[in-house]
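Q: Quick one: the structure is below, and I'll ask about it shortly.
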Amino acid sequence: VLHSKDPFQSISTHKSSSAPPITSLLPQNLWPRRRKTSDSDPMSKFINELHGDLEMVYVGQLCLSWEILHWQYEKAIGIWESDPYCMRRYNEVAGEFQQFQVLIQRFIENEPFEGPRVRNYIKNRCVLRNLLQVPVIREDSLKDKRKGRRKGRDEDDNAITAEMLVEIMEEAIRIFWRFLRADKDANIVIRKMRKGAQVEPTEPDELQLLATLQTSLQKKDKKLREIVRSGNCILRKLKKNEEENSDQVLYFFSQVDLKLVARVLNMSNVTRDQLLWCHSKLSKINFVNRKINVEPSFLLFPC
């Protein structure tokens, strides 16, 4: 469609035929960082709208993946605490989390040669269906357990316990953080006019909310950096009854949340509902006497 001289005629043609792979429809010159032609040009408007829609798909998946990953991590901690003798086995889901890590790590390594993040994500997502898809924690089935017992004691010694699953998930979280940090549009900045935006908030209350969110984001990011000795807070193994380490985990998770809010605010087109999502995210993070207070939440990104 995008290669066609008459995209609207091409759209009607493709309705009755099989569509070509999307990877062939997205040449680099049709992903401008800023508009080079007027919005009155139908083709330019169509391309901008398509880019905005695909960007929303990417950002929505990014935010959803983090919510699920964070939720599943808390679930793994609860399972570990309820299974002190490590009787349960999680070999299957551990393998899925390792695949989750490999796909993201490979994406990060290849990204310098693949062009802009959104286009690169869309191309990879069409081929790698599990990219950014967080596995669901579940205990090995009875069939898998019997298979492990038949293989003998050595196989059982290599079984993945709840504690080991927590460690694997922490590594997955670290890799997700590197993926998010590598997104140049996730930087926390204050902009009077976001480049490439096709529709800015026009209502006075939306403009005021946007300005308030940008200011709040910048202040909370600065406060967090002041408290944390290093700006690159590394997630450590969560140990029971260690308050200091627990705070480090909260600092880390808050860093991720702030980065996600920044990525949403830097989208080419932001809706009122998405601004309210950012407001809810920021309102959950507060500081009292150099101590962080984060209210538990599970916020689905409004697409």
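Read-outs: derived from the displayed coordinates by stated rules, not from any lab. Just so it is clear, the structure is predicted and the values come from calculations on it, not from any experiment. Quick reminder, even Gly has a Cβ in these numbers, built from the backbone with ideal geometry, and neighbours come from all protein chains shown.
Q: In whole Å, what are the Cα extents of the range 71-137 along the three principal axes, biggest one first?
A: 48, 19, 18
Q: Here's a follow-up. Which far-off residues, 5 or more places away or on another chain, put their amide H under 5 Å from the one on Arg88, with H placed in the peptide plane?
A: HN-HN under 5 Å from Arg88: Ala162.
Q: Report the gain in length on full extension from Lys222 to Glu203: 0.36 nm times residue separation, minus Cα-Cα distance, nm rounded to one decimal.
A: 3.9 nm
Q: Right, another one. Using θ = phi - 60° and the Karplus form 6.51 cos²θ - 1.76 cosθ + 1.60, what ³J(HN,Hα) does each residue of the range 43-60 get, whole Hz, x for Gly and Pro?
A: 5, 4, 5, 4, 5, 4, 5, 5, 4, x, 5, 5, 5, 5, 4, 5, 5, x
Q: Could you derive backbone 3J(HN,Hα) for the range 61-77 from the dihedral phi with the Karplus parameters 6.51, -1.76 and 1.60 (θ = phi - 60°), listing whole Hz in sequence and x where the residue is Gly or Pro?
A: 3J(HN,Hα) across the range 61-77, in whole Hz: 5, 4, 5, 5, 4, 5, 4, 5, 5, 4, 5, 5, 5, 4, 5, 5, 4.
Q: Now for a separate question. Computed FRET efficiency, Cβ-Cβ of Phe113 and Glu171, R0 25 Å: what is it to the nearest 0.05? Intermediate results must be reported in sequence, preceding the final value.
A: Values: r = 25 Å, r/R0 = 0.99.
The calculated FRET efficiency here is 0.50.
Q: If you don't mind, another one. Run the simple label-point estimate for Glu163 and Asn286 please: 7 Å along Cα→C-beta, distance reported in nm.
A: 3.7 nm
Q: Moving on to the next point. What ³J(HN,Hα) values, in whole Hz, does the Karplus curve 6.51 cos²θ - 1.76 cosθ + 1.60 give for the range 286-303 when θ = phi - 60°, with x put for Gly and Pro?
A: Karplus-based 3J(HN,Hα) across the range 286-303 equals 9, 10, 10, 6, 6, 10, 8, 10, 10, 7, x, 7, 9, 10, 7, 5, x, 9 Hz.
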